[in-house]
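Working notes for the structure below.
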Amino acid sequence: MPTILVANYGVGNLRSLRRGLERAGARAAIGLGPEELEAADGIVLPGVGAFRAAMEGLGAIREALMEQVEAGKPLLGICLGMQLLLSKSYENGVWDGLGLVRGEATKLPGSVKLPHMGWDEVIITRDSEIAEGIPSGALMYFAHSYAPELSDGSVEVAHTDYGRKFASIIERGNIFGTQFHPEKSGGPGIGLLRNFVSIVKR
Amino acid sequence: MLAKRIIPCLDVKDGKVVKGVKFENLRVEGDPVELASYYEESMADELVFLDITASKEKRKILIDVVEKVADVLTIPFTVGGGIGDLGMIQELLCAGADKVSLNTAAVRDPELIRVASDRFGSQCIVIAIDAKRAWGAPGRPRWEVYIEGGSKGTGLDAIEWAKRAEGLGAGEILLTSMDKDGTQEGYDIELTRAICEAVNLPVIASGGAGAPEHILEVFERGLADAALAASIFHRNIHPIMEVKRFLASRGIPVRM
């Protein structure tokens, strides 16, 4: 059984994610130490708190994280955790992200209610192991006001339309992200986590 | 398209669900964990747990319930009732709650909304507003905000308070009509619509649901994003899927 580390960079509900990963067939740990990063077979960046605080929280392990990911370790960013993968975010200021995926997190338009909260359609736009078995149009649970604008559209695996179209699942090599919360999206969400666990096992 | 949400509300006292929950096929009546699973299987989109435990010493029991519920659910849930400070919010989120709802404490200290949403993110800070119709100018209704479980008027105008909470960083509003609560005569459409038109936040309407038609009405005319109900689901008068099928037949996007 592979071990997946949930990076504990902030304060929030990590318990559901840990349980979700366990349900998906992994051993899940919560931590932030460089040794833990190294020991894990895969890493999840959860979605809790604000962008700037999250980047600060990751500060101490940033180097170690980049090293592991560049060496090919699978990484899944969820919600804010997906936005952290991008080059930049405009959440209450302008902040640099990890730059693992080229693009920016920008605020959704004010023409729709914010946060984007609840179950919305995920339209699959290309084949990817991370989305295997998930029907296009499946409903997943979202809770966010900022969303990615990708520089390279080929990274997009699925999109969602709320105020504007944004990538709701991404993949670049061993790096994956979802704007929704798979651990809160019932059966289809657990299916996605199971796909990530399969990728980690390989 | 974003689905309209159906949210059963469970009242919890000393770690047990109270208030008329009745299922014939359920072994442990009143067990929050079993009921949570039951509702998830019944296609609830989200759950709200309202802690009505009077004694603050029994907080540990609530935390224990939240942990156990979080372990079984794969849908989001909110915890509310007597949450007074940042420490309590943090404890509940870490125990596995996705959102917390603040009521009295936010009215007494509105800065709590700002600090909490800065630290934990707006998406997990729900502001619960208990509103009661008050005399306004002719043809212009107004509603007053009540606190402490609806026992104490504040003089605050519900619409103004909702706008202020939005400005301070609230992520959602859980709006209860005290006039309609418990009547099963339908939601307060006028109140719900007035709040929905005043803020750009998702609004959960609460109080008065007695039939699927009431839920349709609060979505279509009240403009609500989610509908919360207790007794019609607990007594299984109208199962969630029946309500959803009805809504879908009337063109409302729902998760089925």
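The values are calculated or read from the model by the stated rules, or taken from the named source; none is laboratory data. Just so you know, these numbers come straight off a predicted model, no measurement behind them. Heads up, the Cβs are rebuilt from the backbone with ideal geometry, glycines too, and the neighbour counts pull from every protein chain shown.
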Specify the residue that is surrounded by the most Cβ atoms within 10 Å (Cβ to Cβ); the eligible residues are those in region B:194-216 that are out of contact with any strand residue (DSSP E or B) (no Cβ under 7 Å at 6 or more places or on another chain) and under 16 Å from B:ILE252 (Cβ atoms).
-> B:HIS214
Look through B:ILE89, B:ILE83, B:ILE113 and report the one residue that is more than 10 Å from every other protein chain (Cβ to nearest Cβ) and part of a helix (DSSP H, G or I).
-> B:ILE113
Inside region A:75-94, can you point out the residues that are in a strand (DSSP E or B), of a type in the set (S, T, N, Q) and under 11 Å from A:PHE51 (Cβ atoms)?
-> A:SER89
Report yes if some residue within region A:33-40 is within 14 Å of chain B (Cβ to nearest Cβ) and in contact with a Leu (Cβ under 9 Å, 6 or more places away or on another chain); otherwise report no.
-> no
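Listed here are the residues, each with its yes/no results for (1) under 13 Å from the mean Cα position of the chain (by Cα); (2) over 30 Å from B:ALA165 (Cβ atoms); (3) modelled with pLDDT of 95 or more; (4) surrounded by 19 or more Cβ atoms within 10 Å (Cβ to Cβ).
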| position | (1), (2), (3), (4) |
| --- | --- |
| A:LEU114 | no, no, yes, yes |
| A:TRP119 | no, no, yes, yes |
| A:VAL122 | no, yes, yes, yes |
| A:PRO135 | no, yes, yes, no |
| A:SER198 | no, yes, yes, no |
Scan region A:31-45 for residues that are within 27 Å of B:LYS99 (Cβ to Cβ) and either basic (Lys, Arg) or modelled with pLDDT under 95 (or both) and report the count.
-> 2
Out of the residues in region B:12-29 that are in a loop (DSSP other than H, G, I, E, B) and buried (at least 17 other Cβ atoms within 10 Å of the Cβ), which is modelled with the highest pLDDT?
-> B:GLY15
Set B:ALA229, B:ALA198: member being under 15 Å from the mean Cα position of the chain (by Cα) and closer than 21 Å to B:SER101 by Cα | B:ALA229
Only strands (runs of 3 or more DSSP E) wholly contained in region A:95-163 count here; list those with 3 or more residues that are within 24 Å of A:ARG52 (Cα to Cα) and touching an Asp or Glu at 6+ places or on another chain (Cβ under 9 Å).
-> A:101-107, A:138-144, A:146-150
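Rundown of residues vs (1) in a loop (DSSP other than H, G, I, E, B); (2) more than 14 Å from chain B (Cβ to nearest Cβ); (3) under 23 Å from A:VAL94 (Cβ atoms); (4) among the basic types (Lys, Arg), yes/no style:
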{"site": "A:LEU5", "(1), (2), (3), (4)": "no, yes, no, no"}
{"site": "A:ARG19", "(1), (2), (3), (4)": "no, no, no, yes"}
{"site": "A:VAL48", "(1), (2), (3), (4)": "yes, no, yes, no"}
{"site": "A:ARG52", "(1), (2), (3), (4)": "no, no, yes, yes"}
{"site": "A:MET66", "(1), (2), (3), (4)": "no, yes, yes, no"}
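Here is a yes/no grid of residues against (1) within 25 Å of A:GLY20 (Cβ to Cβ); (2) of a type in the set (Asp, Glu); (3) within 14 Å of another protein chain (Cβ to nearest Cβ):
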position	(1), (2), (3)
A:GLY42	yes, no, no
A:GLU63	no, yes, no
A:VAL69	yes, no, no
A:LEU75	yes, no, no
A:LEU80	yes, no, yes
A:GLY99	no, no, no
For A:ALA105, state whether it is in contact with a Pro (Cβ under 8 Å, 6 or more places away or on another chain), more than 22 Å from A:PRO148 (Cβ to Cβ) and either among the hydrophobic types (A, V, I, L, M, F, W, C) or crowded, with 23+ Cβ neighbours inside 10 Å (or both).
-> no
Determine if region B:45-67 includes at least one residue that is surrounded by 24 or more Cβ atoms within 10 Å (Cβ to Cβ), assigned to a helix (DSSP H, G or I), facing chain A (nearest Cβ under 10 Å) and at pLDDT 95 or above.
-> yes
Strands (runs of 3 or more DSSP E) completely within region B:119-235 that count 3 or more residues being touching a residue at least 60 places away in the same chain (Cβ under 8 Å), more than 30 Å from A:MET55 (Cβ to Cβ) and of a type outside the set (A, V, I, L, M) | none
